[in-house]
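Here's the structure, in structure tokens; my notes come after.
The values are calculated or read from the model by the stated rules, or taken from the named source; none is laboratory data. Keep in mind that this is a model prediction, so the values were computed, not measured. Ideal geometry is used to build each Cβ from the backbone, glycine not excepted, and the neighbour counts take in all protein chains shown. When the accessible area is computed, the model is the full protein with side chains, heavy atoms only, and any ligands, DNA or RNA have been set aside. Shrake-Rupley method; radii C 1.70, N 1.55, O 1.52, S 1.80 Å.
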Amino acid sequence: MISNKTLIRILVMLVAVALIVLALPRNDRQTYAYEQGEPWRYQLLTAPFDIPIYLDEATVQRATDSVTRNFSPFVIYADTARAASMRRLEQSGIPALKLAQLRKLLGMVYENGIMSPQLKKRVKATNDRQIRLMGEDASVTAVDASRALSTEEACKWICDHYQEGWAGTLSLTPEDVERLRSAVRPNITPDKTTDSIYLSQALLSISSGQGKIAQGQRIVDRGEIVTPQIYTNLRTYEEMLAKTEADSSQSLFVILGQLAYVIVIFTTLYIYLAIYRPRVYANTRMMVFLVSLITLIVLFTVLMFETFTLGIYLVPFATVPVMVLIFIDSRTAVFSLIAAVLISALVAIYQFQFIFLEFVAGVLATFSLRQLSSRSQLLRTSVLTFVAYCVSFTIVTVVSQGSLDGIDPKLYLSFAINAVLLSLTYVLIFVIEKIFGFTSLVTLVEISDINNPLLRRLAEEAPGTFQHSMQVSTLATEAARTIGANTTLVRTGALYHDIGKLKSPVFFTENQHGVNPHDGLDPAVSARKIISHVHDGEEMAIQAKLPAVIRNFILEHHGRGITRYFYNMAFNAAGGSPVDPAPYTYPGPNPQSKETAILMMADAVEAASRSLKEYSQEAIDKLVNKIIDNQVADGMFSESPISFSDVEKVKDTFKKRLATIYHTRVSYPERKTSVASAGPAAEAREEPGRQ
């Protein structure tokens with residue numbers, strides 16, 4: 001049967017996977033910003049598939065102009081045009097003596113051909129001065145048209161040659177020339193249909209592919225000038241990617257691949273947590289926090305990738321390990337970083353560069369921070385992260401290109417913005433604390449200040465308890481450091497563990513001055529009064545809005561132990577009859593963590609050490625062993641992850657620390673000098689010094 005926690009973990013992962021896959025682009029298309037004549041600012045771009053090479057616009061225009069200009073036009077010979085022109089000439093009113101010669105000359109012109117001025121202009125523009133004829137069998141015949149004349153040229157030629165042979169009274173008058181011009185018609189006309197077909201085919205060959213860029217071959221490299229041809233190739237590449245994205249069948253496979261990829265990464269993270277961080281894995285809030293953090297950083301990466309050219313490098317990935325380090329631990333922080341970076345790499349164009357940069361920067365941020373207790377640490381981490389980005393990017397550039405020529409300064413600006421965003425993580429700490437109920441080291445440092453109102457009140461109203469708490473804090477912190485527990489948490493919890501005594505400080509020995517209010521009280525009443533400081537402390541902590549982890553120290557520092565002093569009194573008063581231990585038992589629970597277990601040991605040892613008659617090393621060792629061994633025998637630490645080895649290390653730490661605290665003071669020898677001879681000044685100097 002699957003537990004509710006397991007179902008929640010699975011549901012959280014599925015929701016995260018769905019959100020990420022829905023946000024991911026269906027291919028690796030990136031919006032590049034580039035211009036002709038400018039260097040390519042990105043790294044080497046290779047073809048993910050075969051890309052046809054089309055001529056750039058300028059080349060296409062030049063080729064089109066050349067083809068159009070040198071295109072030999074198709075024409076039709078109008079056989080009836082000559083006879084029709086002769087009839088119009090005969091009917092024009094030109095005198096008969098002139099008409100005969102004009103007919104002869106006109107016939108000679110028609111032998112070479114007459115065409116319209118526009119057609120003649122086209123023929124003259126070609127290199128070969130040819131025209132083409134389409135035969136009935138679809139065969140094409142090329143004809144030299146260099147001797148063919150336009151209608152205007154034909155009239156001029158006829159007039160010139162007529163004047164050479166018939167000057168004088170038979171010269172052509174202007175009216176005759178005009179009649180001749182009206183009679184002449186072209187016998188060579190454009191074959192517009194055939195012309196259009198063949199010209200379109202010629203132009204189509206220009207716009208069709210001029211080869212291809214095979215899959216895996218270079219499109220453009222960093223630093224290379226974007227020529228018109230490269231510009232055209234890039235546009236073709238982007239258009240083909242867009243068409244590929246529109247292919248529903250291919251898009252389905254891409255989605256399935258992305259889905260499997262993200263699930264594998266999250267599953268790996270879950271396996272790591274289940275094996276190496278079971279307490280985190282069992283904590284639903286922790287799991288929701290981890291998965292949500294990774295999901296949000298990936299979604300933000302996709303947004304920045306689609307919005308800005310270098311947007312993927314503006315995302316402060318180091319935020320992930322920093323936040324996880326603050327609320328969980330460093331190993332989980334690094335593993336979470338890897339998961340976030342690997343998923344986000346799906347949208348990175350240069351995945352090796354991206355993974356290398358983010359991994360180096362994130363790991364350095366984790367190692368440099370360790371424990372966040374002040375804003376200055378985060379600022380230092382931001383600076384180090386910026387340096388890591390710059391150095392890593394320079395290294396990758398040298399490895400991939402063998403020089404520094406292709407480095408884009410704008411990328412360093414992106415790294416600087418990234419570092420600034422990382423420094424703002426300090427604000428997120430408080431947001432996460434409110435949402436998930438976590439407690440950061442920063443918060444612990446702030447509330448452990450002895451000028452905190454609640455601690456200040458404890459020092460003024462229950463000075464004995466305050467001094468006891470300070471001593472316990474010192475012992476517990478040293479022990480926590482020895483076994484690798486959270487020293488700041490232990491220190492803060494120790495300062496607050498007895499704040500419940502503020503309600504009735506006089507009932508506790510350390511605050512009494514000769515009068516004991518327990519005298520004359522029933523042992524059960526006294527026990528209830530002592531036990532109440534746990535409940536009272538919890539209420540005061542809630543009113544002061546102390547974190548739950550601090551309230552745990554208040555509830556667990558006595559566990560389910562018995563107030564033995566009053567229980568023994570009741571037992572003795574009963575004459576050996578059985579006594580119900582329930583009224584004399586603390587509500588608990590027993591310590592649930594290493595830190596609260598350490599506090600329980602430190603609290604009992606420090607309190608008992610005050611009753612020692614002598615502070616020899618032997619007496620201290622015997623006291624520490626007796627108290628902690630009894631706690632172990634009573635099963636006080638059975639619910640905490642502390643080991644027997646840890647307990648022994650804690651005991652050794654307490655023994656050394658108590659021996660230092662209660663060390664024997666050296667007596668100062670008095671000077672054997674007569675006060676009378678030395679005088680009043682000497683007497684004043686004999687005041688005992690302070691140690």
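What the table shows:
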| read-out | value |
| --- | --- |
| Filter pass, Ile271 being at pLDDT 85 or above, part of a helix (DSSP H, G or I) and more than 30 Å from Gln61 (Cα to Cα) | yes |
| The lone exception for Ala419 - which of (1) within 23 Å of Leu379 (Cα to Cα); (2) open to solvent by 60 Å² or more (accessible area, probe 1.4 Å) it fails | (2) |
| Segments classed as strands (runs of 3 or more DSSP E), wholly inside the range 73-183, with at least 2 members that are open to solvent by less than 70 Å² (accessible area, probe 1.4 Å) and among the aromatic types (Phe, Trp, Tyr) | none |
| Residue in the range 407-414 that is modelled with pLDDT under 95, assigned to a loop (DSSP other than H, G, I, E, B) and not charged (D, E, K, R) present | yes |
| First in the range 222-236 and assigned to a helix (DSSP H, G or I), second anywhere and small (Gly, Ala, Ser), Cβ under 8 Å, 6 or more apart | Pro228/Ala58 |
| Residues of the range 576-615 classified as over 19 Å from Ile531 (Cβ atoms), at pLDDT 90 or above and of a type outside the set (Asp, Glu), total | 9 |
| Matching residues in the range 530-570 - criterion: being over 20 Å from Ala608 (Cβ atoms) and not aliphatic (A, V, I, L, M) | Ser532, His535, Asp536, Gly537, Glu538, Glu539, Gln543, Lys545, Pro547, Arg551, Asn552 |
| Unique residue being modelled with pLDDT under 95 and closer than 14 Å to Asn418 by Cα when the list is Leu325, Leu314 | Leu314 |
| Scope the range 250-264; condition modelled with pLDDT of 90 or more and closer than 15 Å to Ala23 by Cβ; matching residues | Gln258, Leu259, Tyr261, Val262 |
| From the options Phe438, Phe359, residue that is within 24 Å of Ala16 (Cβ to Cβ) and over 18 Å from the mean Cα position of the chain (by Cα) | Phe438 |
| Condition check for Ile620: surrounded by 18 or more Cβ atoms within 10 Å (Cβ to Cβ) and under 54 Å from the mean Cα position of the chain (by Cα) | no |
| Qualifying residues in the range 476-485 (those that are in contact (Cβ under 8 Å) with a residue 40 or more places away in the chain and in a helix (DSSP H, G or I)) - the one surrounded by the most Cβ atoms within 10 Å (Cβ to Cβ) | Ala476 |
| Residue among Arg528, Arg551, Arg564, Arg560 that alone is touching a strand residue (DSSP E or B) at 6+ places or on another chain (Cβ under 7 Å) and either surrounded by fewer than 21 Cβ atoms within 10 Å (Cβ to Cβ) or among the aliphatic types (A, V, I, L, M) (or both) | Arg560 |
| Residue match in the range 577-591 (condition: farther than 27 Å from Leu521 by Cα, surrounded by 18 or more Cβ atoms within 10 Å (Cβ to Cβ) and out of contact with any helix residue (DSSP H, G or I) (no Cβ under 6 Å at 6 or more places or on another chain)) | yes |
| Residues that are surrounded by fewer than 20 Cβ atoms within 10 Å (Cβ to Cβ), farther than 19 Å from Asp634 by Cα and of a type outside the set (Asp, Glu), drawn from the range 600-614 | Arg610, Ser611, Leu612, Lys613 |
| Extreme residue, most open to solvent (accessible area, probe 1.4 Å), among residues of the range 211-221 that are part of a strand (DSSP E or B) and more than 21 Å from Ser403 (Cβ to Cβ) | Lys212 |
| Inter-residue pairs, beta-carbon under 7 Å, first more than 15 Å from Leu234 (Cβ to Cβ) and among the hydrophobic types (A, V, I, L, M, F, W, C) and in the range 46-64, second open to solvent by less than 40 Å² (accessible area, probe 1.4 Å) and modelled with pLDDT under 80, 6+ apart | Val60/Ile206; Ala63/Ile206 |
| Number of the condition not met by Asn451 [criteria: (1) at pLDDT 90 or above; (2) surrounded by 17 or more Cβ atoms within 10 Å (Cβ to Cβ); (3) more than 30 Å from Ile225 (Cβ to Cβ); (4) not hydrophobic (A, V, I, L, M, F, W, C)] | (2) |
| Flag for Val427 being open to solvent by 60 Å² or more (accessible area, probe 1.4 Å), under 36 Å from the mean Cα position of the chain (by Cα) and under 30 Å from Ala365 (Cβ atoms) | yes |
| Pick from the range 1-59, criterion in a strand (DSSP E or B) and open to solvent by 50 Å² or more (accessible area, probe 1.4 Å), ranking: modelled with the lowest pLDDT | Pro39 |
| Which numbered condition Asp191 misses (of (1) at pLDDT below 85; (2) under 27 Å from Leu119 (Cβ atoms); (3) over 60 Å from the mean Cα position of the chain (by Cα)) | (1) |
| Some residue of the range 486-500 being out of contact with any helix residue (DSSP H, G or I) (no Cβ under 6 Å at 6 or more places or on another chain) and in a helix (DSSP H, G or I) | no |
| Unmet criterion (only one of (1) more than 26 Å from Val12 (Cβ to Cβ); (2) without any contact (Cβ under 8 Å) to a residue 40 or more places away in the chain; (3) under 9 Å from the mean Cα position of the chain (by Cα)) for Val341 | (1) |
| Filter result for Ile450 (closer than 30 Å to Ile550 by Cβ, β-branched (Val, Ile, Thr) and not in a helix (DSSP H, G or I)) | yes |
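The rows are residues; the columns are (1) open to solvent by 10 Å² or more (accessible area, probe 1.4 Å); (2) among the β-branched types (Val, Ile, Thr).
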| position | (1), (2) |
| --- | --- |
| Leu346 | yes, no |
| Ala361 | no, no |
| Leu369 | no, no |
| Arg380 | yes, no |
| Val399 | yes, yes |
